[in-house]
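Reading through the structure tokens given below for one structure.
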Amino acid sequence: MRYIIKGPKVTWIDIINPTQEDVKFLEKRFGFHHLVLEELISPGQRPKVEHHDYYLFLSLYYPFYDKEKRETRGREIDIIATKDTLITSHYGSILPLKALFDTCNLYEESRQTYMSATPGHLLYYILIGILKNALTKLDQIDTRIDEIERHIFGGKEREMVYEISLVKTDVINFVRILEPQKEILESLAKEGLVFWDHSQELEPYFEDILGTYAQAWNILKSHRETILALEDTNQSLLTTKTNEIIRILTVFSVIVLPLTLIASIYGMNTTYLPFRGPAQDFWIILSIMVGVTLGTVSYTHLRA
């Protein structure tokens, strides 16, 4: 589905779930290379930026959080920028992009703000919106990490094993999405300045993109180190608890073993057994068992 906004100096075409009809439209209107247009239909494998004669082509990934699976996945967004037009193409909804598009579509003041310079400026607002949205998702991960830490030291180590694995997977996926885009954004900063020939005007915008990316990346690295440290801590606490249980069971077994042995001996069908026969034989044997028990408990207590 294709949507078009015409601003004072920039035209924005947003294509959701692109089809061959959309490809033919772009080819007829702009004459883009067919290999570039094929990128809009088929999913890409990695982010990229390409500088062609009269347009720039970018392929980036938006960190999309799946609430049902509770994990982050990359959602591709392809961008073609000419001297006066910006084309965005993607499958599914990309919230920061949709919010900006709807704002420009509904309000004349917003069109004046975002679409009165060059497509490079509009591209800045799109990318900075995606990065700030990523920062919001990283804040949510930080909240989940804080909850995990509180539960770990609240005695819920076993319940946190699954939660740790979810957050760890989420962070790993986030790293896989964000890390490869550093070089792409750096290349965009160089190619964009050359393409639009507005070096002094656009340079601060691209520097802001790189700065926001660096902020997101540093936070993500911190989350990765924290969740790995919490995983180690949780495993250590679980191991300590398990060892404590094994120690208690071992002590119990040591105490019960001699009593079982004595009971087994006096359960044998033999002609003669010590202390068997007198009227008080039960109490004598019971006293022996109690003495053995007290002695074993005292010995294990001293050894501990």
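SER93 versus SER287, label points 7 Å from Cα toward the beta carbon: distance in nm?
The two pseudo-label positions are separated by 8.4 nm.
Going through the cross-link list LYS83/LYS182; LYS48/LYS168; LYS67/LYS241; LYS28/LYS69; LYS24/LYS67; LYS137/LYS190, which pairs have a Cα-Cα distance over 31 Å in this structure?
LYS67/LYS241; LYS28/LYS69; LYS24/LYS67
Please work out how much length the chain gains when fully extended from THR233 to LYS221, using 0.36 nm per residue of separation minus the C-alpha to C-alpha distance, in nm with one decimal.
Taking 0.36 nm per residue and subtracting the Cα distance, the gain is 2.5 nm.
Please identify which residues in region 22-38 have an amide N closer than 16 Å to a label point set 7 Å out from the Cα of ASP53, following the Cα→Cβ vector.
Hits in region 22-38 for ASP53 at 16 Å: 27-37.
Determine the sum of side-chain charges near ASP66: Lys and Arg each +1, Asp and Glu each -1, restricted to other residues whose C-beta is under 14 angstrom from that of ASP66.
So the environment of ASP66 carries a net charge of +3.
May I ask you to compute the full-extension gain from ASP84 to LEU35, defined as 0.36 nm times their residue separation minus their alpha-carbon distance, rounded to one decimal in nm?
Gain on extension, ASP84 to LEU35, equals 15.5 nm.
So, counting K/R as plus one and D/E as minus one, what does the shell of residues with Cβ under 12 Å around GLU50 add up to?
Overall, the nearby charge balance is -3.
Let me make sure I get this right: for region 1-143, a, b and c are the square roots of the gyration tensor eigenvalues over alpha carbons, sorted descending. Under 1.5 in a/c it's rounded, otherwise prolate if a/b > b/c, else oblate. Which is it?
Oblate is the answer for region 1-143, as a/c is 1.5 or above yet b/c matches or exceeds a/b.
Counting only protein heavy atoms, what percent of the accessible surface of the chain is carbon or sulfur at a 1.4 Å probe?
56
Based only on Cα atoms, what mean projected area does the convex hull of region 1-44 have, in nm²?
About 3.4 nm², averaged over all directions.
Pop a pseudo-label 7 angstrom from the Cα along the beta-carbon direction at both THR169 and LEU294 and give the gap in nm to one decimal.
5.8
Report the net charge of residues surrounding TYR213, where surrounding means a beta-carbon distance below 13 angstrom and charges are Lys +1, Arg +1, Asp -1, Glu -1.
With Lys, Arg at +1 and Asp, Glu at -1, the neighbours total -2.
Using the Cα atoms of the chain, I'd like the radius of gyration and the largest Cα-Cα distance, Dmax, both in angstrom.
34.5, 114
Helices from the chain with mean Kyte-Doolittle at least -1.0 and a Cα length along the axis of 27 Å or more, per DSSP H: which?
Going by DSSP H runs, the hits are 119-152, 157-178, 199-265, 281-303.
Kindly write out, for region 74-90 in residue order, the coupling ³J(HN,Hα) from the Karplus curve 6.51 cos²θ - 1.76 cosθ + 1.60 (θ = phi - 60°), rounded to whole Hz, with x marking Gly and Pro.
x, 10, 6, 9, 9, 10, 10, 10, 9, 5, 9, 9, 10, 10, 10, 9, 6
The values are calculated or read from the model by the stated rules, or taken from the named source; none is laboratory data. Note that the structure is predicted; figures quoted are calculated from it, not measured. Methodologically, a virtual Cβ is constructed for each residue, glycine included, from the backbone with ideal geometry; neighbour enumeration extends over all protein chains shown. Please note that ligands, DNA and RNA were not included when accessible areas were found on the heavy atoms of the full protein model with its side chains. Shrake-Rupley method; radii C 1.70, N 1.55, O 1.52, S 1.80 Å.
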